[in-house]
There are 2 protein chains.
Amino acid sequence: MSDANTKDPVVPINAAKKQVRDGKSSATIYDIAKMAGVNPSTVSRALSKPGRVSAKTQKLIEDAAAELRYQVNPFARALPTGRTNTIGLIVADFTNPTFFDIIRGAQTTGTLRDYTLVLAESAESGSTELTAGHRMMATVDGLILASPRMDDDDIRALAAEKPVVVINREVTGVPCVIPDVHKGISEAVRSLAANGHKKIAYVGGPVQSWMSGRRWEGVQAACEWSHVSALRLESAKPTVDGGRQVARDVLASGVTAVLTYNDLLAIGLMRELQAGGMVVPDQISIVGFDDIFGADFTTPPLTTVRSPLGECGSAAATRLLDVLAGGEDEGTVRVETELVLRGSSGRLLS
Amino acid sequence: MSDANTKDPVVPINAAKKQVRDGKSSATIYDIAKMAGVNPSTVSRALSKPGRVSAKTQKLIEDAAAELRYQVNPFARALPTGRTNTIGLIVADFTNPTFFDIIRGAQTTGTLRDYTLVLAESAESGSTELTAGHRMMATVDGLILASPRMDDDDIRALAAEKPVVVINREVTGVPCVIPDVHKGISEAVRSLAANGHKKIAYVGGPVQSWMSGRRWEGVQAACEWSHVSALRLESAKPTVDGGRQVARDVLASGVTAVLTYNDLLAIGLMRELQAGGMVVPDQISIVGFDDIFGADFTTPPLTTVRSPLGECGSAAATRLLDVLAGGEDEGTVRVETELVLRGSSGRLLS
DNA sequence: TTGTAAGCGTTATCAA
DNA sequence: TTGATAACGCTTACAA
């Protein structure tokens, strides 16, 4: 009776693996139990929640576990509990550095709280994004959605399955964390106005982008307040290339300053303008959005409204983990934006 | 008999979860079996490997699965098989844009082959990195290590557990994918020599960095070949800031051109030099390494030896997945580097 | 405080 | 070709 294996009539499913384990791979709670002379369930108790077991056996078990270099098998644990200790993060586009900071933020705080981060790109359309979301739901305890293209109802459908936190967008009924554009934009517009600009343009991002809409609203409001006129231009895509393409519209519009939906657009626009012989900021001021990596590499360095994306990522992870830990949480968390005044904006010389 | 739950003497472990499932959450092969009027094991066969089941029942089962919106439970599957359909990627530093391309590459090809990518940062020292690696091993089928600080033996120890592929470094006995610096560097040095440079410096990265060593060797070889003298300078850290700090050493060395271990160093160096009044490339040429995102944002845009990092990531994932699919694979795959000639290098004017 | 045993969803062995 | 069933490693209700 001491060794059940010897009289086991059926060959274990993967004898090969077993052999390996006996050699070096990870031990199970059964191994620990045998070594400590207790029952496996006691081992389980000792190793999961503290204090459910006498101090003596606790030590016995911990020692055995250490000696055997025990590591829980997350899959075996997930099966009965349903908890995976994993959170998912879906970003719209790996190609966009905006998401780098978000990923980093989420990863860091996830790891801190002993959660694994799994990453997916939603590419393409809102529908494939929804599919990706559903698929991911199978493996994670909760999900962070960064700038999803899905519509609100789809997001709520996802949120009905498991906890979801949305970044860069507000969806009622779902916890969200968004940069509060107000402060940063008014600082930007005030700065522009103070430098004598009377007419500015906002270059929008994708039309479906919730964030782009908010930024445009913010620009309008701030302009009104500062008595400068604002007009909206459209970009084909929110990239450096899109920025280059919109240069002629900017020129044609006759504005002396432009805010763009994001830094990539701003950089493309600036370079195209410079290539055409214009001097930034002497002839035109350019202000980007986000303060992505590399925004200060340009000459002049880009003035931009900083979105604390890393903070968003980490705030989102924190909220998600809090909900998973049993907290109730709804509504929107706002992180402050601020103007980062660098060289691409300033007084008109002419 | 129609509802087993009512007469179940023992309350299921997570009755709450069960209820949810009955409402909407995912069905199991038992549900499908019941619906299709077959045994669960038949469902398993039908759904895993094709052709092990009669066409008729196959269809029956597939229809039922579709109707129930069945999704395998990866955890349940992982338990008996040991296969998780997950690969791990450990990067040294989230803060370094170099890794984003690698992540993107690995992610993309992983997803393509239906594998999930889990991400970890190894932060700090080689020892925590080893720990992270071991921990990760529990959850993944294989591991990609990007520029690890671990020593070769540790990497081999990891590789003994499960398939490992290393990026940006060569470890004998472990499949590696590395940029072949030779071509890119000789192009760079030739270009510099053709522009009349006689004495150039290489600004090294972290001393333990395998890659930095190879690059220095490459520079030496290429310089010898082109009859220009090469000297090596050290940086405190491989960042923009590190680049700024090394500026005075560069100045003191009297070289007219410098290659740096990476683009970040080059950018920092260039800005510091420019801030001190030097004109790039008229007074000094600067060549970076990697061609990271943003390398072309500078003025002048950075000349750099491009490492196809995305390709490395995707090649590593491909190799790993091939090994997991049963292929034998060792040795090193090299991806070609090339000079990207932009504005920061050129002829000396003086 | 500890042991017993059922159950999580899947795969794989064996028998039919 | 299909059905019955043990096994994967862990958690937890219940009994002791």
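The values are calculated or read from the model by the stated rules, or taken from the named source; none is laboratory data. All of these numbers come straight from a predicted model, not from anything done at the bench. Because the Cβ atoms are built from the backbone with ideal geometry, glycine has one as well, and the counts that use them run over all protein chains shown.
Identify the single condition in (1) over 23 Å from A:PHE99 (Cα atoms); (2) at pLDDT 95 or above; (3) in the same structural domain as B:ILE167 (by the TED database) that B:VAL323 does not satisfy, given that it satisfies every other one.
B:VAL323 satisfies every listed condition except (2).
What helices (runs of 4 or more DSSP H) completely inside the range B:1-93 contain at least 3 residues that are at pLDDT 90 or above?
The helices (runs of 4 or more DSSP H) meeting that bar are B:29-36, B:40-48, B:55-67, B:74-81.
When you go through B:LEU269, B:LEU302, B:LEU320 one by one, which is the residue that is away from chain A (no Cβ under 14 Å) and in contact with a strand residue (DSSP E or B) (Cβ under 9 Å, 6 or more places away or on another chain)? Spell out the reasoning first.
Values: B:LEU269 fails: away from chain A (no Cβ under 14 Å); B:LEU302 fails: away from chain A (no Cβ under 14 Å).
Matching residue, one of B:LEU269, B:LEU302, B:LEU320: B:LEU320.
From the list B:THR57, B:THR86, B:THR81, which residue is surrounded by fewer than 18 Cβ atoms within 10 Å (Cβ to Cβ), of a type in the set (Val, Ile, Thr) and either more than 9 Å from chain A (Cβ to nearest Cβ) or touching a strand residue (DSSP E or B) at 6+ places or on another chain (Cβ under 6 Å) (or both)?
Details: B:THR86 fails: surrounded by fewer than 18 Cβ atoms within 10 Å (Cβ to Cβ); B:THR81 fails: either more than 9 Å from chain A (Cβ to nearest Cβ) or touching a strand residue (DSSP E or B) at 6+ places or on another chain (Cβ under 6 Å) (or both).
Residue meeting the stated conditions: B:THR57.
How many residues are β-branched (Val, Ile, Thr) and at the interface with chain B (Cβ under 7 Å from one of its Cβ atoms) when one looks only at the range A:112-139? Quick ask: steps written out before the conclusion?
Residues of the range A:112-139 β-branched (Val, Ile, Thr): A:116, A:118, A:128, A:131, A:139.
With at the interface with chain B (Cβ under 7 Å from one of its Cβ atoms) added as a condition, the list becomes A:116, A:118, A:139.
The total comes to 3.
What number of residues within the range B:92-102 are hydrophobic (A, V, I, L, M, F, W, C), more than 9 Å from chain A (Cβ to nearest Cβ) and surrounded by fewer than 24 Cβ atoms within 10 Å (Cβ to Cβ)?
Our first condition is that a residue be hydrophobic (A, V, I, L, M, F, W, C); within the range B:92-102, this holds for B:92, B:94, B:99-100, B:102.
Applying the additional criterion that residues be more than 9 Å from chain A (Cβ to nearest Cβ) yields B:92, B:99, B:102.
From what is left, the residues that are surrounded by fewer than 24 Cβ atoms within 10 Å (Cβ to Cβ) are B:92.
Within the range B:92-102, residues that are hydrophobic (A, V, I, L, M, F, W, C), more than 9 Å from chain A (Cβ to nearest Cβ) and surrounded by fewer than 24 Cβ atoms within 10 Å (Cβ to Cβ) number 1.
Picking from B:VAL207, B:VAL203, which residue would you name as being within 23 Å of B:LYS237 (Cα to Cα) and surrounded by fewer than 22 Cβ atoms within 10 Å (Cβ to Cβ)?
After applying the criteria, what remains is B:VAL207.
Which of the residues spanning the range A:34-53 are among the small types (Gly, Ala, Ser) and either away from DNA strand D (no atom under 12 Å from the Cβ) or in contact (Cβ under 8 Å) with a residue 40 or more places away in the chain (or both)?
A:ALA36, A:GLY37, A:GLY51 - these are the residues of the range A:34-53 that are among the small types (Gly, Ala, Ser) and either away from DNA strand D (no atom under 12 Å from the Cβ) or in contact (Cβ under 8 Å) with a residue 40 or more places away in the chain (or both).
Which condition does A:THR108 not pass, out of (1) more than 14 Å from every other protein chain (Cβ to nearest Cβ); (2) within 22 Å of the chain's Cα centre (by Cα), if it passes all the others?
(1)
In the range A:152-181, how many residues are among the hydrophobic types (A, V, I, L, M, F, W, C) and in contact with an Asp or Glu (Cβ under 9 Å, 6 or more places away or on another chain)?
The total comes to 7.
Test A:ALA66 against the stated conditions and say whether it is farther than 27 Å from A:VAL140 by Cβ, within 10 Å of DNA strand D (Cβ to nearest atom) and of a type outside the set (D, E, K, R).
No, not satisfied.
Only residues that are under 17 Å from B:GLY218 (Cα atoms), buried (at least 22 other Cβ atoms within 10 Å of the Cβ) and in contact (Cβ under 8 Å) with a residue 60 or more places away in the chain: list them for the range B:160-177, please.
Within the range B:160-177, just B:ASN168 meets the criteria.
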